[in-house]
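The values are calculated or read from the model by the stated rules, or taken from the named source; none is laboratory data. Small disclaimer: the values here were computed from a predicted structure and weren't measured. Because the Cβ atoms are built from the backbone with ideal geometry, glycine has one as well, and the counts that use them run over all protein chains shown.
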Amino acid sequence: MVATTKGTAKVTLPTDTQILITRAFNAPRHLVWRAYTTPELVKRWWAGEKGTVISAEIDLRVGGRWRYVMAAEGGHEVGFHGEYREIEAPGRLVNTELFEGLPDPEAHVGVVTVTLTERDGVTAMEMLCDYGDRETRDAVVGSGMESGLQGSLDHLEAVAAGLE
């Protein structure tokens, strides 16, 4: 079994509107991509330790939509959705992201650019999230997203490393 790199995502704030998440996975890029873009596999990692994914819908094409919903700790549902803008498998994915728990999700849309590069069987991920304004970015940072993110990405690595 491949050793995992638990809790190693690094979160930085490169501009007033952006969050940059970087992490290495002990898995080849094509398997990280597969785990990141396949509904049945997303259900195994996206909630991390914070709940259970009850729905993962992916229409992986430019203009296609995605939606993930989890039953979170405490029994409430948490949903996110968006639209794919660019797809260059297995190295780049650009999509919008909206948190359904906000009164006006469209006013706080993020654009997420995921880039995967591989070297010697290790995949580096850069996830750049741009929210358009500092207030939204700061709200995302202040939501506790980093702890949930660490768990989700740990599970993503485990799922990808376990694929053939």
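Contact map, segment 57-74: residues that are modelled with pLDDT under 95 paired with residues that are in a loop (DSSP other than H, G, I, E, B) and of a type in the set (D, E, K, R), Cβ distance under 7 Å, separation 6+ or inter-chain. Pairs shown: Ala72/Lys50; Glu73/Lys50.
Among the residues making up segment 113-146, a single one is of a type in the set (Asp, Glu), more than 14 Å from the chain's Cα centre (by Cα), over 20 Å from Glu157 (Cα atoms) and surrounded by 15 or more Cβ atoms within 10 Å (Cβ to Cβ): Asp138.
Only one of Gly79, Gly48 is within 15 Å of the chain's Cα centre (by Cα), surrounded by fewer than 19 Cβ atoms within 10 Å (Cβ to Cβ) and assigned to a strand (DSSP E or B). Can you tell me which?
Result: Gly79 is the single residue among Gly79, Gly48 that is within 15 Å of the chain's Cα centre (by Cα), surrounded by fewer than 19 Cβ atoms within 10 Å (Cβ to Cβ) and assigned to a strand (DSSP E or B).
Within segment 94-112, not a single residue is surrounded by fewer than 16 Cβ atoms within 10 Å (Cβ to Cβ) and in a strand (DSSP E or B).
Inspect segment 14-23 for any residue being out of contact with any Phe, Trp or Tyr (no Cβ under 8 Å at 6 or more places or on another chain), more than 28 Å from Asp133 (Cα to Cα) and surrounded by 16 or more Cβ atoms within 10 Å (Cβ to Cβ) and give the result as yes or no. No, the conditions are met nowhere in segment 14-23. Of the residues making up segment 83-93, those that are over 22 Å from Ala161 (Cα atoms) and surrounded by fewer than 19 Cβ atoms within 10 Å (Cβ to Cβ) are Glu83, Arg85, Glu86, Ile87. Of Tyr68, Tyr36, all but one fail to be assigned to a helix (DSSP H, G or I), in contact with a helix residue (DSSP H, G or I) (Cβ under 7 Å, 6 or more places away or on another chain) and surrounded by 19 or more Cβ atoms within 10 Å (Cβ to Cβ); the exception is Tyr36.
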